[in-house]
Each structure stands twice: as structure tokens, then as C-alpha cells.
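Read the structure below first, then the notes.
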Amino acid sequence: MTRIGRVVISGAPGVGKSVLLDQLAGMGYATVAESARAVIRERLARGEPPRPAPAAFAKEILRQDMAKYHAAMASAGWVFFDRSVVEALAMLHEAEPMTGEERSALLAEYRYHSVVFVPPPWKEIYVNDAERDQSFEHALAVHAAVLRCYRDAGYEICEVPRMPPAQRAAHVLRMLERQGA
């Protein structure tokens, strides 16, 4: 098992990733916000549609995720990411297929902890907002795609149970401890 201090919290929209990251930040851990929401927020502020064409959207998310990855390298200890370069590469590959060598090289360069923490879709907490305009059914499809993208990239998935944020954070930290990470 790879010992890397960059830990990904991922999953569908509206599953509580941001709340979990806020909980971890409140406990003193470094966290990195999701890039897609930032891109959407910036576009809405300029009066543009929330998302550009899929390839342009994926490229901008990838650019921001790569920059955040490098910025986090200076942090000591665990750094928890809301999504990652892995997903941005999967989005880009879907919009503009990449060669296997190109994708493999980027996945090798941008490595995270070997276990990705994924809260499952949770209809009772799902809400739409200015940046999240997808249906819950769309979130279910995203969940399946997220699991597939990380498994295809060689990561292990650890489901984060449906429970209050403090308990979710404790679960993530306990699982990292159990792995001797």
C-alpha cells in the first residue's frame, strides 16, 4: 500500500464531500476544494452558462487540479482533496480520447493515497444549488463513473457510511490508521 499524504474524498454530487472536508479542516487537516464548482462559480459570475463544452470544462478542471496537487506538495501530513486529477483525466478522456501512454504517464505523475474515500449517494441530503443543477438520478450515474474511474486507475475504494459529518471524518481517519498510513 502506497504511503502518500494526498487523500481523495470523491463521489457523486451532493453526497456530503464538502461537509466532510469542512469537518476535517476543522480538525486541523489541510483540505483542497473541488475545482469544478470553482469553474462553474467563475463562469456564472461572468454571466456565462455554468459549463463550457465538455472538453473545455475537463481541461480547465484538470489545469486547476494539477496546480492544486503541486501546491499541496509543500504541506506536511494528510491533505484531503475534494476530487482529483484522476477524475479530471477521466472527464477529458471521455470528451477527447487520450493515448494510453499519455494517460498512464499523467496518472503515474499525479498519485494519491492508494485508498479513495467515497460517500454513497444519499437522497435525504441531496439538494440543488447554484453550482449543482443535476438531478439525483444524474448523481447516481456520476457515482458509478467515479467508482469505475478510480478502480481503472488502480485505486481501492473505501465507502464512507451515511452518518453525521464528525462520524464520517472519524471513520476516514480510523481507516487511514488501520492501514498504517
With the requirement that a residue be open to solvent by 80 Å² or more (accessible area, probe 1.4 Å) and either within 15 Å of the chain's Cα centre (by Cα) or of a type in the set (Lys, Arg) (or both), what does the range 37-64 give you? 41, 46, 59, 63
Going through the range 135-144 in order, the residues found to be under 16 Å from residue 91 (Cβ atoms) and open to solvent by 40 Å² or more (accessible area, probe 1.4 Å) are 138, 141, 144
How many residues does the range 68-88 contain that are open to solvent by less than 20 Å² (accessible area, probe 1.4 Å) and either free of Cβ contacts under 8 Å to residues at least 40 places away in the same chain or in contact with a Gly (Cβ under 7 Å, 6 or more places away or on another chain) (or both)? 2
Which condition from (1) within 16 Å of residue 17 (Cβ to Cβ); (2) open to solvent by 30 Å² or more (accessible area, probe 1.4 Å); (3) within 17 Å of the chain's Cα centre (by Cα); (4) hydrophobic (A, V, I, L, M, F, W, C) is the one that residue 127 breaks? (3)
Given the structure, is residue 173 open to solvent by 50 Å² or more (accessible area, probe 1.4 Å) and either modelled with pLDDT of 95 or more or farther than 18 Å from residue 19 by Cβ (or both)? no
On the given criteria, is residue 111 closer than 19 Å to residue 32 by Cα and open to solvent by 40 Å² or more (accessible area, probe 1.4 Å)? yes
Please count how many residues of the range 140-163 are among the small types (Gly, Ala, Ser), in a helix (DSSP H, G or I) and either at positive phi or in contact with a helix residue (DSSP H, G or I) (Cβ under 9 Å, 6 or more places away or on another chain) (or both). 1
Looking at the range 9-29 only, could you name the residues that are at pLDDT below 95 and either among the acidic types (Asp, Glu) or over 16 Å from residue 166 (Cα atoms) (or both)? 11, 12, 13, 14
For the range 15-36, which positions are among the acidic types (Asp, Glu) and either in a loop (DSSP other than H, G, I, E, B) or surrounded by 22 or more Cβ atoms within 10 Å (Cβ to Cβ) (or both)? 34
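The values are calculated or read from the model by the stated rules, or taken from the named source; none is laboratory data. If you're wondering where the values come from, they're calculated on a predicted model, not measured in any experiment. A quick note on method: Cβ atoms are made from the backbone with ideal geometry, for glycine too, and the neighbour counts reach across all protein chains shown. Remember, those area values only see protein heavy atoms, side chains included, never the ligands or the DNA or RNA. Shrake-Rupley method; radii C 1.70, N 1.55, O 1.52, S 1.80 Å.
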